[in-house]
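Here's the structure, in structure tokens; my notes come after.
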Ligand SMILES: Nc1ncnc2c1ncn2[C@@H]1O[C@H](COP(=O)(O)OP(=O)(O)O)[C@@H](O)[C@H]1O
Ligand SMILES: [Mg+2]
């Protein structure tokens, strides 16, 4: 595991985002450090996806500053923005696979756009990535409509990793998966993070994921980060939502599970 | 940092040393470095690949190194990978396990045979398409019986009427007005040579009421409402909404298709009537401004030139055309598969097909009316 106290790759300061007269993120600040897996929790509708989408530039902010790789997104030139895009991989909540391309073509797509590699190399690497996320050669030829929910997430993850990004953003990667697939997916993310040296920013609801995979947890409530740190920090937090979430019976059950063997 | 690959041939072994950034950004250059080595004839000498100098490595670089490794492994004694930095080991191991199975061999297909096969497929499709359409009519007929017991369908029909009739009125009025005007202008221009300008009223009146009015409106409705029916049903099919309806014990034909098609059947005669009137107005307007025919005279001549028969011939066709447009639109919508591309394809097909059927239907009606003397 990378030393978790190196310089931040994402720095969010004083961020305000809203829709109409509803403020979703209210003067929020957050750092993501290089090489860590950061889990962001919060109530459903609490603004996790909005925060993620604002960081990657899909939602305009009202106020505040976002730096990715030390570059201020507001001051970035189009070339810099493109370069940042290349160094980030995103797994959307619904997968967002291109429905008219096969799984393999979905993974190849960003490669075609950004790299000057031969067809053969792109196919080989794309197949290797699909295999790394646990799919077979037959699956590679399937269209998104022929994939199950878990397979869709896997293909989406392979596509997010297509360009060997430095940061991957995962929006609820394990929601909608059965517990075994979810656990599988968790250890997959852990393995990939270690082998590829990724920084992972992950929105999640899943206590098990938070407990077993994340280096740090950020709890989002009332449009702010109300607690940041490891499980202990979450338990120590006084905020009612965090208290209820991590103090509940389910949370205690998960916390007392034996740590999964290091993968 | 530039990637490098040096090969030095010693007498007893081949030494390759890699250096620099072996990453995706340099994929093109890396391939150029690796290609020549891969193409060399396999040597009997054992190979040693040294990657101690590699500064950055990602899946692309790891895969290329793995490719070198496999190439040497198949051609001679097991190669050795030396100087592997600790933090690259995981990635290299991971890549080692991938792409082990050979790709499925794809049979080379014969172009000519493929073309013949395609032709056959399309021909067969024309037949099955027609059957499909008939089946849609049948399903709607069955659903119609049940719909009488379900008054909610009226709400739905009114909702769709608002979309396909009321909201279509302005554009239909505008276009038919212009077309009426253009026909009148052409008529006046050419008839003038024979001193027969007055007959432009017959031309506009008969043409618009019998043919142009209904045909033009049907084509516009096919493009405007038929396409949106296809797209709606198609995307509902894609997102399993139609399956959801079925599992609730509701019949999609009754809930989705019937109200849409019935709304269209009501809408088209109304729009045809409005469109025809607007076209006559346009014709009269141009006759007045361009041909110098006073409106009173235009109306007087129109009364002599046309009879209720002409009007009936036009308007009777409208509901039938609506039925065909609706049936084609919904059956194409239900053919949509999972992808966005197929949604687009089916929408195009729906419009093209329904316009084709509308024109064929118009031809059949022309023969029919001629033989009954209308
Ligand atoms: N495009 C949008 N327009 C208006 N409101 C939005 C939009 N996107 C999200 N919201 C609102 O912002 C809040 C946070 O949503 P989201 O970030 O998706 O929640 P979650 O934490 O479950 O991911 C919700 O109340 C949602 O209704
Ligand atoms: Mg969300």
Yes or no: the range A:175-190 includes at least one residue that is within 16 Å of ligand 2 (Cβ to nearest atom) and at negative phi. yes
Could we say that residue A:76 is more than 14 Å from chain B (Cβ to nearest Cβ) and at pLDDT below 85 here? yes
Being within 13 Å of ligand 2 (Cβ to nearest atom) and assigned to a helix (DSSP H, G or I) is the filter here, so list the residues in the range A:36-68 that pass it. A:48, A:49, A:50, A:51, A:52, A:53, A:54
Consider residue A:18 carefully, then state whether it is touching a strand residue (DSSP E or B) at 6+ places or on another chain (Cβ under 9 Å) and within 16 Å of ligand 1 (Cβ to nearest atom). yes
Please go through the range A:125-148 and give me each residue that is closer than 18 Å to residue A:165 by Cα and facing chain B (nearest Cβ under 8 Å), ordered by number. A:125, A:127, A:128, A:129, A:131, A:132
Among (1) in a helix (DSSP H, G or I); (2) more than 25 Å from residue A:108 (Cα to Cα); (3) within 14 Å of chain A (Cβ to nearest Cβ), residue B:55 falls short only on (1)
Condition broken by residue B:295, with the remaining ones in (1) touching a residue at least 12 places away in the same chain (Cβ under 8 Å); (2) touching a helix residue (DSSP H, G or I) at 6+ places or on another chain (Cβ under 6 Å) satisfied: (1)
Would you mention how many residues in the range A:102-123 are in a loop (DSSP other than H, G, I, E, B) and surrounded by 17 or more Cβ atoms within 10 Å (Cβ to Cβ)? 3
For the range A:32-49, enumerate the residues that are away from chain B (no Cβ under 14 Å) and either more than 8 Å from ligand 1 (Cβ to nearest atom) or buried (at least 21 other Cβ atoms within 10 Å of the Cβ) (or both). A:32, A:33, A:36, A:37, A:38, A:39, A:40, A:41, A:42, A:47, A:48
Do we find that residue B:84 is under 16 Å from residue A:117 (Cα atoms) and surrounded by fewer than 22 Cβ atoms within 10 Å (Cβ to Cβ) in this structure? no
Of everything in the range A:172-191, what is under 30 Å from residue B:61 (Cβ atoms) and surrounded by fewer than 23 Cβ atoms within 10 Å (Cβ to Cβ)? Give them in sequence order. A:184, A:187, A:188, A:190, A:191
If a residue must be within 16 Å of ligand 1 (Cβ to nearest atom) and assigned to a loop (DSSP other than H, G, I, E, B), how many such residues does the range A:177-214 contain? 3
Helices (runs of 4 or more DSSP H) contained entirely in the range B:189-258, each with at least 2 residues that are crowded, with 24+ Cβ neighbours inside 10 Å and either modelled with pLDDT of 95 or more or at negative phi (or both): B:200-206, B:213-221, B:227-238
Checklist (1) under 37 Å from the mean Cα position of the chain (by Cα); (2) at pLDDT 90 or above applied to residue B:298, failing item: (1)
If you go through the range A:50-78, how many residues are under 16 Å from the mean Cα position of the chain (by Cα) and away from ligand 1 (no atom under 16 Å from the Cβ)? 1
Does the range B:164-173 contain any residue that is under 31 Å from the mean Cα position of the chain (by Cα), more than 21 Å from residue B:323 (Cα to Cα) and without any contact (Cβ under 8 Å) to a residue 40 or more places away in the chain? yes
Criterion (touching a helix residue (DSSP H, G or I) at 6+ places or on another chain (Cβ under 9 Å), within 14 Å of chain A (Cβ to nearest Cβ), touching a residue at least 40 places away in the same chain (Cβ under 8 Å) and in a helix (DSSP H, G or I)) met by exactly one of B:343, B:361: B:343
Over the range B:326-340, the set of residues in a helix (DSSP H, G or I) and farther than 26 Å from residue B:141 by Cβ is B:340
When you look at residue A:126, is it in contact with a strand residue (DSSP E or B) (Cβ under 7 Å, 6 or more places away or on another chain), under 29 Å from residue A:69 (Cβ atoms) and part of a helix (DSSP H, G or I), yes or no? no
Exactly one of A:117, A:126 is touching a helix residue (DSSP H, G or I) at 6+ places or on another chain (Cβ under 9 Å) and closer than 22 Å to residue A:191 by Cβ, and that one is A:126
Residues in the range B:83-97: is at least one in a strand (DSSP E or B) and either at pLDDT below 80 or under 45 Å from the mean Cα position of the chain (by Cα) (or both)? no
Unmet criterion (only one of (1) assigned to a helix (DSSP H, G or I); (2) at pLDDT below 90; (3) more than 21 Å from residue B:230 (Cβ to Cβ)) for residue B:150: (1)
For the range A:79-124, how many residues meet the condition of being within 16 Å of ligand 2 (Cβ to nearest atom) and either over 20 Å from the mean Cα position of the chain (by Cα) or within 12 Å of another protein chain (Cβ to nearest Cβ) (or both)? 2
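The values are calculated or read from the model by the stated rules, or taken from the named source; none is laboratory data. Please read all numbers here as calculations on a predicted model, not as lab measurements. Backbone-built Cβ (ideal geometry, glycine too); neighbour counts: all protein chains shown.
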